[in-house]
Amino acid sequence: MSFDSLGLNADILRAVEEQGYREPTPIQRQAIPVVLSGRDLMASAQTGTGKTAGFTLPLLQRLVNKQPHAGGRRPVRALILTPTRELAAQIGENVRDYSKYLDIRSLVVFGGVSINPQMMKLRSGVDVLVATPGRLLDLEHQNAVKLDQVEILVLDEADRMLDMGFIHDIRRVLAKLPARRQNLLFSATFSDDIKGLAEKLLHNPEEVSVARRNTASEQVTQYVHFVDKKRKRELLSQMIGEGNWQQVLVFTRTKHGANHLAEQLGKDGITAAAIHGNKSQGARTRALADFKNGGIRVLVATDIAARGLDIEELPHVVNYELPNVPEDYVHRIGRTGRAAATGQALSLVCVDEHKLLRDIERVLKREVPRMAIPGYEVDPSIPAEPIVNGRQQQRGGGRGNGGGQGQGQRRGGNGGASSERSNAPRRPSRPQGDGAAKPAGANARRRPARKPASA
Ligand code: AMP
């Protein structure tokens with residue numbers, strides 16, 4: 001099947017062709033006709049499946065089908081909400097690429113950078129707005145953007161938005177939109193929370209889904225290495241050195257852990273940078289660019305920062321620490337083995353993490369092969385310790401307590417043990433993904449946006 005048969009116009013097809021896409025991916029084959037028909041859509045697809053073009057191409061087609069209002073400022077006609085800055089930037093790039101031959105203006109807005117240039121650009125009129133929820137609400141509150149002409153709403157990575165505590169912001173955004181509009185909801189998983197959101201948001205939706213990547217992926221070679229916590233860094237440095245690994249994405253559970261490991265690897269002579277929610281947008285963009293162009297060999301990331309990163313043909317992913325949430329393992333290893341490339345995903349597992357590994361293997365429905373490297377045998381006398389989760393410990397250790405954690409998160413931003421994401425199903429605090437940390441609640445909207453941290 002080719003793109004030609006999907007009902008997209010010649011200008012869009014030309015842009016798609018220039019991207020080098022020969023045929024639509026499964027999610028594109030399913031989603032494009034639904035979106036073109038004007039129906040609401042509930043799509044199960046994760047990053048790497050081509051979902052962005054799956055909603056962007058037909059969205060653009062629908063916008064050009066209908067002439068915009070003549071005269072006056074262009075109203076925002078399509079709104080794409082995403083959980084993180086990186087994802088927003090990537091979607092924005094795609095929208096620009098796909099609309100290059102159309103009379104469509106697009107803009108990306110997210111927190112953590114100065115709001116003024118965004119306000120200026122909005123003033124000249126934008127058809128497609130890609131936004132993280134917090135910054136969008138800031139802009140709306142300052143009358144820099146009106147959302148009452150939105151014809152199409154896309155909620156991308158809706159599961160992650162709920163995980164990150166965006167539900168209240170999403171509700172506030174929805175209240176600003178006209179009642180008559182097309183809604184597209186994309187999510188990698190369909191928890192009861194997502195189903196609840198979908199029920200309220202979507203009208204008679206068409207449901208499409210593509211097989212989850214990587215759960216049974218043959219493209220990714222996964223293996224586990226049991227090793228004492230204290231020797232993980234040494235083993236990692238050795239493997240990178242001996243294997244001559246040139247591009248390695250390493251995951252830690254905490255921001256502090258990411259910083260610390262990047263520093264340590266630097267001391268071992270391995271160029272590395274950390275990327276997480278406490279880094280300024282400039283630093284994150286630079287680190288990602290350096291990593292993509294080979295300037296640094298190792299990018300150490302937390303789950304939230306890495307969400308949605310599209311790094312083509314990444315050969316090595318290392319779980320330096322296993323994630324608290326098994327599904328994050330699947331997301332993490334989804335960074336490798338993309339397209340036709342094969343990849344390796346290595347997990348360094350210490351005695352504290354055996355339960356996390358069991359949970360992951362339950363989700364994968366198989367055991368991840370074990371590998372042993374002589375000289376790194378585990379010391380059986382070391383007892384297992386509970387996984388430290390700063391926010392929950394500060395609150396007395398209760399798991400899944402989602403209440404009032406805005407402060408904890410802000411504190412955690414500086415704390416050594418803070419996790420970027422907890423096991424708690426949801427929390428109402430402001431996520432790092434959307435720019436500067438702010439207090440939860442409506443008052444957050446009334447504060448002027450924070451100046452960007454110096455990059
Ligand atoms: P996404 O899931 O939207 O993040 O897309 C993942 C990657 O697939 C991006 O690098 C896209 O440029 C690429 N992509 C999207 N559609 C296609 C296609 N039809 N053929 C080849 N690559 C594609």
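Taking helices (runs of 4 or more DSSP H) that do not extend beyond region 1-119, which have at least 1 residues that are away from the ligand (no atom under 16 Å from the Cβ)? Correct list: 10-18, 26-37, 51-65. Scanning region 250-278 for residues being in a helix (DSSP H, G or I), surrounded by fewer than 18 Cβ atoms within 10 Å (Cβ to Cβ) and touching a residue at least 12 places away in the same chain (Cβ under 8 Å) gives a total of 1.
Within the span defined as region 133-151, every residue fails to be more than 14 Å from Asp169 (Cβ to Cβ), part of a strand (DSSP E or B) and either at pLDDT 95 or above or polar (S, T, N, Q) (or both). If you go through region 184-200 and keep only what is over 13 Å from the mean Cα position of the chain (by Cα) and surrounded by 20 or more Cβ atoms within 10 Å (Cβ to Cβ), you end up with Leu184, Leu185, Ile194, Leu197. Residue selection: Leu129 fails the criterion of being out of contact with any Ser or Thr (no Cβ under 9 Å at 6 or more places or on another chain) and either closer than 24 Å to Asn278 by Cα or assigned by TED's automatic domain parsing to the domain that holds Ile170 (or both).
Hey, any hits in region 334-342 for a residue that's away from the ligand (no atom under 14 Å from the Cβ), assigned by TED's automatic domain parsing to the domain that holds Gly243, modelled with pLDDT under 80 and touching a strand residue (DSSP E or B) at 6+ places or on another chain (Cβ under 6 Å)? No: region 334-342 contains no residue that is away from the ligand (no atom under 14 Å from the Cβ), assigned by TED's automatic domain parsing to the domain that holds Gly243, modelled with pLDDT under 80 and touching a strand residue (DSSP E or B) at 6+ places or on another chain (Cβ under 6 Å).
The values are calculated or read from the model by the stated rules, or taken from the named source; none is laboratory data. Quick caveat, the model's predicted, so the values are computed rather than measured. A quick note on method: Cβ atoms are made from the backbone with ideal geometry, for glycine too, and the neighbour counts reach across all protein chains shown.
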